2 protein chains.
Amino acid sequence: MVNTEALEKFYKTVEQNQDDYVERLREAVAIPSISSDVERRDDVVRMSHWLTSLFEKLGIKYEARDVGSHIMDNVELKLPPIILGTYGNDPNKKTILVYGHYDVQPALLEDGWSSKPFDMNETPKGQLIGRGASDDKGPIIGWLNAIEAHQNAEIEFPVNLKICFEGMEENGSEGLDELIFKEADKYFKDVDAVCISDNYWLGVTKPCLTYGLRGICAYKVAISGPGKDLHSGVFGGTVHEPMTDLFHLFSKLVTPQGKILITGVNDDVAPLDDAELQIYKSLEFSMSEFHSAIQSKTNIHESEIEILQYRWRYPSLSIHGIEGAFSSSGFKTVLPARVIGKFSIRIVPNMDPKRVNELVAKYLNDEFAKLGSKNTLNVECLHSAKAWIANPNHWNYVAASNAVERVFKCKPDLTREGGSIPVTLTFQDALKKNVLLLPMGRGDDFLTKLVFWDRDKGEDMTEVVEKPFYDVNLGCGY
Amino acid sequence: MVNTEALEKFYKTVEQNQDDYVERLREAVAIPSISSDVERRDDVVRMSHWLTSLFEKLGIKYEARDVGSHIMDNVELKLPPIILGTYGNDPNKKTILVYGHYDVQPALLEDGWSSKPFDMNETPKGQLIGRGASDDKGPIIGWLNAIEAHQNAEIEFPVNLKICFEGMEENGSEGLDELIFKEADKYFKDVDAVCISDNYWLGVTKPCLTYGLRGICAYKVAISGPGKDLHSGVFGGTVHEPMTDLFHLFSKLVTPQGKILITGVNDDVAPLDDAELQIYKSLEFSMSEFHSAIQSKTNIHESEIEILQYRWRYPSLSIHGIEGAFSSSGFKTVLPARVIGKFSIRIVPNMDPKRVNELVAKYLNDEFAKLGSKNTLNVECLHSAKAWIANPNHWNYVAASNAVERVFKCKPDLTREGGSIPVTLTFQDALKKNVLLLPMGRGDDFLTKLVFWDRDKGEDMTEVVEKPFYDVNLGCGY
Ligand SMILES: [Zn+2]
Ligand SMILES: [Zn+2]
Ligand SMILES: [Zn+2]
Ligand SMILES: [Zn+2]
């Protein structure tokens with residue numbers, strides 16, 4: 001039920017407080033809460049205190065849950081707390097669980113930042129650049145700003161909120177899954193739907209709502225031959241070489257056109273229906289954006305719709321590398337004794353990771369047998385996660401769509417993503433409620449010079465927040 | 001012409017002086033003349049002084065040739081001198097050019113040595129273990145011991161000697177080739193034949209003479225796609241992946257049974273004639289030795305003769321690794337933007353490296369075109385060296401064979417090797433004289449616990465000298 005008058009007051013308050021929100025974000029960015037750095041663990045905890053102070057100021061009830069300790073770089077470290085919060089408990093309102101994370105990935109000026117990463121910079125265009133600005137400090141503070149704006153405007157907050165902010169997302173989310181499953185019918189028992197702001201828009205002008213993610217099955221394939229590395233001059237031509245076998249075997253995985261060759265793997269892919277096809281047709285996405293993103297013109301498909309479909313709703317297989325072979329620059333005439341090829345399959349609805357694992361193992365063993373090699377094959381699935389898909393017609397999506405439309409004067413894109421955000425699946429499996437991904441980061445972040453490519457993590461990091469958009473993602477259309 | 005009485009005196013003197021020879025070798029081993037270590041360059045130079053002192057003592061005329069400087073690890077370093085020596089100039093005697101090297105590879109106790117590598121250890125069995133003992137300080141000092149023994153026994157040295165001892169063999173032999181070509185008709189102009197002691201016996205009881213080496217053509221094959229590494233979740237399925245292309249392409253190089261598939265490459269291989277076949281039949285080599293050497297039973301061929309033929313006289317192709325892909329332990333779902341596959345072909349008589357390069361480039365480009373990928377291929381030949389083969393019936397070989405037979409009471413094996421010893425080819429090309437490889441290291445060094453596998457260099461290092469054999473390789477049968 002939209003109260004137009006209340007909303008206008010809300011928007012006005014948000015408008016008036018922009019500078020405060022920016023200063024607040026600047027404070028948060030300045031805390032280098034890097035969860036993968038032993039030396040920065042205290043800063044992660046400091047960041048949790050910074051947040052809970054704000055919770056107190058805003059009257060949000062909270063518990064900072066201790067989830068034990070872990071070993072990192074041979075040091076035992078206490079895990080940062082998972083902050084659970086409750087704001088409002090009106091039985092006549094819906095209860096939305098909001099998830100986000102207050103830790104960040106490492107960042108050094110030398111990595112390619114245009115300004116010091118923990119010293120937030122505002123560009124003439126109003127972009128706020130700093131580590132964590134969009135992933136994920138900006139989005140989580142956005143919710144807190146929205147609460148504050150409602151309070152300042154003296155209007156009622158339209159929903160009850162349950163909050164779950166963790167400090168280990170960039171480092172494996174240790175302790176989170178257990179907590180979510182444990183609290184599913186306790187702390188989270190009244191939750192009606194979930195909202196996560198930790199991904200990105202598809203384009204540059206239109207926000208989006210994300211309703212699907214691909215899953216993954218990751219494999220290590222070891223081929224063992226001689227007991228030690230050999231010199232190729234002395235032994236080349238006389239022994240079955242694990243590298244030769246691996247190249248033959250992996251050449252059977254996928255075509256250069258991306259078609260997976262593993263028998264049966266494509267059989268369960270959900271068919272594309274008309275309703276889904278309509279979604280693709282309205283998306284804001286262009287080939288030139290795609291070419292900018294990949295910094296080349298080596299696209300397999302010629303239409304934008306196919307590109308998005310093959311990214312989001314069809315499986316893909318990528319070979320990542322080989323462990324145990326020569327990998328440095330230069331040249332070494334070694335004949336590696338044991339090599340481990342690594343590849344992964346991005347899986348989609350309705351593929352079952354277990355069945356994929358069986359098909360992969362059978363196929364690789366069959367193909368290896370055909371090689372007639374005396375070497376030994378070992379196939380191991382390292383981890384797997386099923387794909388996630390939500391109903392984009394659920395009221396959770398409708399509310400978010402309406403809110404976006406009021407603020408941005410356009411309907412949001414309905415998108416999926418090719419990668420996985422594991423917590424999404426956890427919330428859906430534990431709570432059995434609709435989960436909505438409501439991204440705040442603009443899609444062009446990784447299309448502009450502001451890209452930060454974090455080689456260690458292998459993840460595109462975008463850390464730019466457009467100031468005018470910064471805290472209006474919660475039009476609270478619920 | 002063999003003077004039996006003189007020979008007996010020589011053998012007796014050698015016998016009586018064994019302990020002195022061992023102490024002399026111990027002194028040489030104690031100088032860590034590691035040519036690839038900036039910190040050890042002074043020791044390499046010190047080793048050259050140690051040798052020239054011995055030259056002076058023995059009345060060998062010499063020149064320590066300055067061959068300039070080079071850059072190593074960003075430091076400009078003077079190259080160690082190449083020692084040229086002349087012993088005797090009787091126009092009625094043959095002149096033999098003896099080559100060896102006084103530098104060594106790095107060695108640390110942690111690398112797997114049974115005792116401190118620069119502190120020579122004598123085992124109860126009379127084996128002398130130390131870095132450089134057999135590669136190549138033992139062999140070069142052997143020649144000097146032989147000169148000394150002739151002097152002590154007061155018998156005439158049977159040949160004139162030209163000596164060429166370098167200090168950069170383990171680090172690319174910088175400056176050597178130029179010097180050999182420059183001196184071919186100057187310092188080396190009277191040379192009748194060349195003798196190099198820098199390889200190993202085939203077996204454990206019979207010495208061998210080596211008359212052939214495979215050559216090599218080494219390739220870097222770069223496949224470039226996106227402008228930067230991509231996340232496989234976001235981009236998998238939408239772009240042509242350089243890794244996929246590389247696996248398809250390299251699967252076309254060689255079968256798991258070692259058959260090279262590159263069109264035309266096998267055409268020029270010298271046919272196996274009966275005389276050559278006879279050589280293989282008399283060799284001391286067993287499958288169990290081979291299995292010990294490779295520490296597995298992954299041999300392609302089932303007979304000893306085939307194993308040696310495929311090691312020595314047939315080409316082979318080995319894939320060494322990939323630069324630019326994920327190579328660490330663990331897992332990274334990266335989609336590498338540019339990968340460089342590395343392989344090499346061991347070439348044999350009568351293959352021409354130039355023609356092989358052309359065939360490889362054409363074949364890879366043709367096969368890549370078939371893949372239908374938008375990625376870019378670049379094939380580069382890093383270096384190539386033709387195979388070397390000498391006439392094993394030349395008087396140089398006959399003399400060595402007779403000398404070995406007198407000392408060891410058995411005819412030496414006639415062997416070839418699968419790897420390359422570049423200086424062999426240089427001497428043959430520059431001097432146009434017969435070159436003989438007369439190895440001193442026992443073949444079982446890398447079949448026993450005394451193996452030292454130097455991972456950094458990718459080379460089997462055997463550093464054991466059997467004391468009783470240590471300096472009799474120069475029976476001087478010439
Ligand atoms: Zn995030
Ligand atoms: Zn992140
Ligand atoms: Zn050597
Ligand atoms: Zn060596």
Among the candidates B:G321, B:G330, residue that is without any contact (Cβ under 8 Å) to a residue 40 or more places away in the chain and open to solvent by 10 Å² or more (accessible area, probe 1.4 Å)
B:G330
It is to be established whether one or more residues within the range B:405-417 are within 16 Å of ligand 3 (Cβ to nearest atom) and either modelled with pLDDT under 85 or touching a strand residue (DSSP E or B) at 6+ places or on another chain (Cβ under 6 Å) (or both).
yes
Which one of these is in a helix (DSSP H, G or I), surrounded by fewer than 19 Cβ atoms within 10 Å (Cβ to Cβ) and not hydrophobic (A, V, I, L, M, F, W, C): A:E358, A:E367, A:E380?
A:E358
Of everything in the range A:383-422 that's of a type in the set (D, E, K, R), closer than 19 Å to A:M351 by Cβ and outside any loop (DSSP other than H, G, I, E, B), which residue is least open to solvent (accessible area, probe 1.4 Å)?
A:R416
Out of B:E27, B:E76, I need the residue that is open to solvent by 80 Å² or more (accessible area, probe 1.4 Å) and free of Cβ contacts under 8 Å to residues at least 12 places away in the same chain. Which one?
B:E76
Here is a list: B:S114, B:S173. Which entry is assigned by TED's automatic domain parsing to the domain that holds B:V435, among the hydroxyl-bearing types (S, T, Y) and more than 25 Å from B:L54 (Cβ to Cβ)?
B:S114
Hey, any hits in the range B:190-209 for a residue that's part of a helix (DSSP H, G or I), open to solvent by 10 Å² or more (accessible area, probe 1.4 Å) and modelled with pLDDT of 90 or more?
no
Just need a number here: residues in the range B:406-424 that are over 14 Å from B:L179 (Cα atoms) and more than 14 Å from every other protein chain (Cβ to nearest Cβ).
9
Here is a list: A:I155, A:I147. Which entry is among the aliphatic types (A, V, I, L, M), away from ligand 2 (no atom under 16 Å from the Cβ) and within 16 Å of A:L54 (Cα to Cα)?
A:I147
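Table: residues versus (1) touching a Lys or Arg at 6+ places or on another chain (Cβ under 7 Å); (2) modelled with pLDDT of 95 or more.
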position	(1), (2)
B:S224	yes, yes
B:L230	no, no
B:S251	no, yes
B:L261	yes, yes
B:G264	no, yes
B:I279	no, no
B:S286	no, no
B:E302	no, yes
Within the bounds of the range B:423-439, is there any residue that is touching a residue at least 40 places away in the same chain (Cβ under 8 Å), polar (S, T, N, Q), closer than 25 Å to A:L230 by Cβ and in a helix (DSSP H, G or I)?
yes
Taking the conditions exactly as written (within 26 Å of A:S420 (Cα to Cα) and without any contact (Cβ under 8 Å) to a residue 60 or more places away in the chain), does A:D185 satisfy them or not?
yes
A:I307 fails exactly one of the following numbered conditions: (1) without any contact (Cβ under 8 Å) to a residue 40 or more places away in the chain; (2) farther than 17 Å from A:T415 by Cα; (3) in contact with a His (Cβ under 9 Å, 6 or more places away or on another chain); (4) outside any loop (DSSP other than H, G, I, E, B). What is the number of that condition?
(2)
Contact list, first residue from the range B:80-109 and away from chain A (no Cβ under 14 Å) and without any contact (Cβ under 8 Å) to a residue 60 or more places away in the chain, second anywhere and small (G, A, S) and away from ligand 3 (no atom under 16 Å from the Cβ), beta-carbon distance below 9 Å, six or more apart or interchain, is B:L109/B:S115
Might you let me know whether the range B:274-290 holds any residue that is out of contact with any Phe, Trp or Tyr (no Cβ under 8 Å at 6 or more places or on another chain), β-branched (V, I, T) and facing another protein chain (nearest Cβ under 7 Å)?
no
Does B:D90 count as under 30 Å from B:V159 (Cα atoms), away from ligand 1 (no atom under 16 Å from the Cβ) and in a loop (DSSP other than H, G, I, E, B)?
yes
Pairs, please: C-beta under 6 Å, at least 6 apart or cross-chain, first residue under 20 Å from A:E110 (Cβ atoms) and open to solvent by less than 10 Å² (accessible area, probe 1.4 Å) and in the range A:122-140, second more than 16 Å from ligand 4 (Cβ to nearest atom) and among the aromatic types (F, W, Y)?
A:R131/A:F118
Log entry, pairs with first residue in the range B:339-363 being over 19 Å from B:R214 (Cα atoms) and assigned by TED's automatic domain parsing to the domain that holds B:C381, second being in a helix (DSSP H, G or I) and not basic (K, R), beta carbons closer than 8 Å, six or more apart or on different chains, reads B:V339/B:P242; B:V339/B:M243; B:V339/B:L246; B:G341/B:L246; B:G341/B:L249; B:G341/B:F250
Across the range B:201-258, the tally of residues that are more than 7 Å from chain A (Cβ to nearest Cβ) and hydroxyl-bearing (S, T, Y) stands at 6
When you check A:E169 against the structure, is it of a type in the set (D, E, K, R) and crowded, with 19+ Cβ neighbours inside 10 Å, yes or no?
yes
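The values are calculated or read from the model by the stated rules, or taken from the named source; none is laboratory data. Keep in mind that what you see is a predicted model, and the values were worked out from it rather than measured. Backbone-built Cβ (ideal geometry, glycine too); neighbour counts: all protein chains shown. Each accessible area value is taken on the protein alone, full model and side chains, heavy atoms only, with ligands, DNA and RNA left out. Shrake-Rupley method; radii C 1.70, N 1.55, O 1.52, S 1.80 Å.
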